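Below: one structure, written as structure tokens.
The values are calculated or read from the model by the stated rules, or taken from the named source; none is laboratory data. Note that the coordinates shown come from a computational prediction; the quantities given were computed from them, not determined experimentally. No Cβ is skipped: glycine too gets one built from the backbone with ideal geometry, and neighbour counts run over all protein chains shown.
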Amino acid sequence: MYSISTSWNSSRHKNGLEMVNELRAVGFESIELGFALNSKVVGAITSLVEKGLIKVTSVHNICPIPIGTGVDEASPDYYSLASADERERLEAIDAARNTIACAEKLGARAVILHTGKLPIKDRMKELADAFEDSQAHEKIKREMSAEREAHIDGYLDNVVKSLIDLVPAAKKHGVKIAIETRYSYRDIPLADEFEYIFNKVKDVWYWHDVGHAEVFERLGLAKHTELLDRYGGRLIGVHLHDITGFLCDHQAPLCGTFDFKKIAPYVKADTIKVIEAHQPATAKQIRRGLDYLRAILGD
């Protein structure tokens, strides 16, 4: 079974029923709740789940958005589980616990987490722009690595502390928490840091984002399948979307240049499969992409 993230159409709807009806019309019987939904919309979708009109496979933290926050401010990084500011870190834990409780009400199997960023400059576009100049490209990569190494102390351990605090809530509500592959080099965690986290916290899972992993490969930062090779045993779900160039992801499958056969050996029957296309992907493009994924990855 494939789900689609509400990130595709949530900006067009203030009404949960209309949002779900559009997703069902595209051909989906199950969905993932994205991070840009307020309590009213989430409540409406919960009612639809209770009536058997839609299924929810996964929920992306933070959902619903924090009280007093506008949809245009919504972000999975609104609070950081890695924050050096203890007040913010505790707020991040509270928000994630709320998402976990929401996921149980919706019957979702998993909650997807971003665990935080380092307070350094995002140089991904700069790295992409320098790709044709191998010396400049390598110089930027070295600088990025050195700057990251100089700042990582404390932040990674804060992630571990936060996850340890969240595991009891996940067990209580019967939901699995999963850390997502990140998009930027300043995001936590990178490949080795996943191992550090998993060694410290046993009841945390891996969520593979196809577009994010491909960004790292195309920029020469890591092999796409490295995380899958290392952590495939913890894989619970995948975000499926296409990519063109170096950084333009979240396109409907078949609208970019990613070879989805690359991930086929890792996706199992019980892997949660979510199409995470954003606007301006059309319903027609998503339907075509869904048919293609079923042929490549199975149903």
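Okay, here's what the table says:
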{"quantity": "Evaluation of LEU254 against (1) in contact with a strand residue (DSSP E or B) (Cβ under 7 Å, 6 or more places away or on another chain); (2) part of a loop (DSSP other than H, G, I, E, B); (3) within 26 Å of VAL111 (Cβ to Cβ); (4) not basic (Lys, Arg) (one fails), failing number", "calculated": "(3)"}
{"quantity": "Single unsatisfied condition, SER75 versus (1) on the phi < 0 side of the Ramachandran plot; (2) in contact (Cβ under 8 Å) with a residue 40 or more places away in the chain; (3) surrounded by 15 or more Cβ atoms within 10 Å (Cβ to Cβ)", "calculated": "(3)"}
{"quantity": "All helices (runs of 4 or more DSSP H) inside region 124-208 with 3 or more residues being more than 18 Å from ARG234 (Cβ to Cβ) and touching a residue at least 40 places away in the same chain (Cβ under 8 Å)", "calculated": "124-129, 134-151, 155-173"}
{"quantity": "Residue match in region 205-213 (condition: farther than 20 Å from LEU293 by Cα and either surrounded by fewer than 21 Cβ atoms within 10 Å (Cβ to Cβ) or more than 15 Å from the chain's Cα centre (by Cα) (or both))", "calculated": "no"}
{"quantity": "Residues that are part of a loop (DSSP other than H, G, I, E, B) and farther than 15 Å from GLU217 by Cβ, drawn from region 257-277", "calculated": "VAL267, LYS268, ALA269, ASP270, THR271, GLU276, ALA277"}
{"quantity": "Out of ALA295, ALA283, sole residue that is among the aliphatic types (A, V, I, L, M) and either in contact with a strand residue (DSSP E or B) (Cβ under 6 Å, 6 or more places away or on another chain) or free of Cβ contacts under 8 Å to residues at least 40 places away in the same chain (or both)", "calculated": "ALA295"}
{"quantity": "Qualifying positions in region 19-53 - among the small types (Gly, Ala, Ser), farther than 20 Å from ILE236 by Cα and either surrounded by 14 or more Cβ atoms within 10 Å (Cβ to Cβ) or in contact with a helix residue (DSSP H, G or I) (Cβ under 6 Å, 6 or more places away or on another chain) (or both)", "calculated": "GLY27, ALA36, SER39, GLY43, ALA44"}
{"quantity": "Conditions (1) free of Cβ contacts under 8 Å to residues at least 60 places away in the same chain; (2) surrounded by fewer than 18 Cβ atoms within 10 Å (Cβ to Cβ); (3) not hydrophobic (A, V, I, L, M, F, W, C): number failed by THR6", "calculated": "(2)"}
{"quantity": "Number of the condition not met by THR115 [criteria: (1) part of a strand (DSSP E or B); (2) within 14 Å of SER162 (Cα to Cα)]", "calculated": "(1)"}
{"quantity": "Lone qualifier among ILE45, ILE62 - being at pLDDT 95 or above, within 16 Å of the chain's Cα centre (by Cα), among the aliphatic types (A, V, I, L, M) and within 24 Å of THR271 (Cα to Cα)", "calculated": "ILE62"}
{"quantity": "Residue within region 228-241 that is more than 23 Å from ALA110 (Cα to Cα), surrounded by fewer than 21 Cβ atoms within 10 Å (Cβ to Cβ) and at pLDDT 95 or above present", "calculated": "no"}
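Residue-by-condition table, conditions (1) on the phi > 0 side of the Ramachandran plot; (2) surrounded by fewer than 21 Cβ atoms within 10 Å (Cβ to Cβ); (3) not aliphatic (A, V, I, L, M):
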position: LYS55; (1), (2), (3): no, yes, yes
position: CYS63; (1), (2), (3): no, no, yes
position: TYR79; (1), (2), (3): no, no, yes
position: LEU90; (1), (2), (3): no, yes, no
position: ALA103; (1), (2), (3): no, no, no
position: GLY107; (1), (2), (3): yes, yes, yes
position: HIS114; (1), (2), (3): no, no, yes
position: LYS117; (1), (2), (3): no, yes, yes
